[in-house]
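Okay, structure first, notes after.
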Amino acid sequence: MANEIQGSCDARFERVRDVFREQLANPEEIGAAVAVTLEGRRVVDLWAGHADAARTRAWQPETIVNLFSTTKGMAAICAHRLADQGKLDLDAPVARYWPEFAQADKGAIPVRWLLDHSAGLPAIGKPMPAGSTSDWRAMTEALAAQEPWWAPGTEHGYHALTFGWLVGEVVRRVSGRSVGSYFRDEIAGPLGADFWIGTPPELDARIAELVMASPQPGEANLFAEIIAKAKPYALKAFMNPIPGPGGFNSREWRAAEIPAANGHGSARALARIYGALACGGTQDGVTLLSRGAIDRARIEQRSGPDNVIPLLPTKFGLGFQIGTEAEPIGPNPRAFGHSGMGGSFGFADPEAALGFGYVMNRMENGMFLIGPRATALMNAAFESLA
């Protein structure tokens, strides 16, 4: 029963169901869900498989899972909401809100450079103890003291982990609330979206177990390529610090607020949040962002070779990925969103009024930013609009 696809799908979007069925037929697949909204209405809501590696728990409509960097889009929405409210100036120096950040000659770095990955702070140079990912103060103090790895604003490089603490600390200083609390109170809660940055223990029973991908002989592996070919700080961007005991499935990891990497949510939540942004920022009477903020967020800021992942050209707006020639986000060049390590993905396409979310618990290796499973489902959604 668990292997059978559950949920609903409008007849117009049957192609999405077909692709999802093909993916779940892979014996290596474990569990996943996909959701699509069109003009604010959910038109695809499908799930199947298992929530654990032992295949003893069926994936349920309320199953949530760690979405890694897909979380970055949620953190960016927090910053844009504060800007919308007139509380945060994206062109102001970070040090206006976070005075300690001015150390190491960083006093002139504007907030927008944190959002577009050009601040030169993708990694912390000094070794951080394992588990420091859960220590907000330790991470933000280390980043405040860190000297940029390149002249800020001149180049860009993926701030894989540090993005969350950098943007999140600005959110905390401006709002007086942690980024997880702000996101819950201002975005996920009012919208009824099941997405958490800092997940309470009472939700453990419905969190899917992450199953890490095992490298296969001859298979392209992004991290292996980074180790072999990237700049010395690139590996630190992903591995300093490493999680504590239990890794990504531990209670410590789930509880912490790591707004670049440990948001837990559902495909429904992603599609609902991005669906609101695809429809001018308002859904069911709840306004997340103004149209002006949405348009500002998706203007290209940086593109081309990336200092941290140079083998994959990147393109960033203010806190969001924008499609590249190699990895387009559908046919509309101003669609925007964020993907996560292993395959999760959420995006908004305001031109098509489309919101999308894909989540899974079997991680996948490969030379990609947007995973092949999410890409196939996304393409099927766009084909359904033709």
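Summary table
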read-out: Options S178, L354, L235, ranked by Cα towards positive dipole end of the chain, top entry (Cβ charges); value: S178
read-out: Reach of K229 by Cα under 27 Å, taken over lysines that are not fewer than 8 positions away in the same chain; value: K72, K126, K315
read-out: Inter-site label distance for I227 and R41 at 7 Å from Cα along Cβ, in nm; value: 5.1
read-out: Burial ordering of T140, T324, fewest other beta-carbon atoms within 10 Å first; value: T324, T140
read-out: Between segment 219-240 and segment 293-319, the Cα center-to-center distance that results, in Å; value: 19
read-out: Sites L235 and A386 - FRET efficiency at Förster radius 45 Å, r taken between beta-carbons, to 0.05; value: 0.55
read-out: Contact order normalised by residue count of segment 6-385, Cα under 8 Å, 6+ apart, percent; value: 25
read-out: Total formal charge among the other residues, if their Cβ is under 12 angstrom from that of F248, Lys/Arg +1 and Asp/Glu -1; value: 0
read-out: Order of T282, T56, T37 under a 10 Å beta carbon neighbour criterion, fewest first; value: T56, T282, T37
read-out: Per-pair calculated FRET efficiency, R0 = 41 Å: N3 and K126 via Cβ, rounded to 0.05; value: 0.30
read-out: Positive-end residue of A144, S134, H159, charge dipole of segment 115-217 with Cβ unit charges; value: A144
read-out: A326 paired with S303, simple spin-label distance in nm, labels 7 Å along Cα-to-beta-carbon; value: 1.5
read-out: Gaussian network model of the chain, Cα within-10 Å springs - most flexible of G346, G247, G275; value: G247
read-out: Centroid-to-centroid separation of segment 30-48 and segment 148-207 [C-alpha atoms, Å]; value: 24
read-out: Which of P201, T71, F336, positive extreme of dipole for segment 6-385 (C-beta unit charges); value: P201
read-out: Net dipole in debye of segment 6-385 [+1 Lys, Arg Cβ; -1 Asp, Glu Cβ; about Cα centre; nearest 20]; value: 400
read-out: Fully extended contour minus Cα-Cα distance, from D10 to E252, at 0.36 nm per residue; value: 83.2 nm
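Where a number appears in this text, it was derived from the coordinates with a stated rule and is not lab data. No experiment lies behind these values; they were computed from the predicted model shown. Positions of Cβ are backbone-derived with ideal geometry, glycine not excepted, and every protein chain shown enters the neighbour counts.
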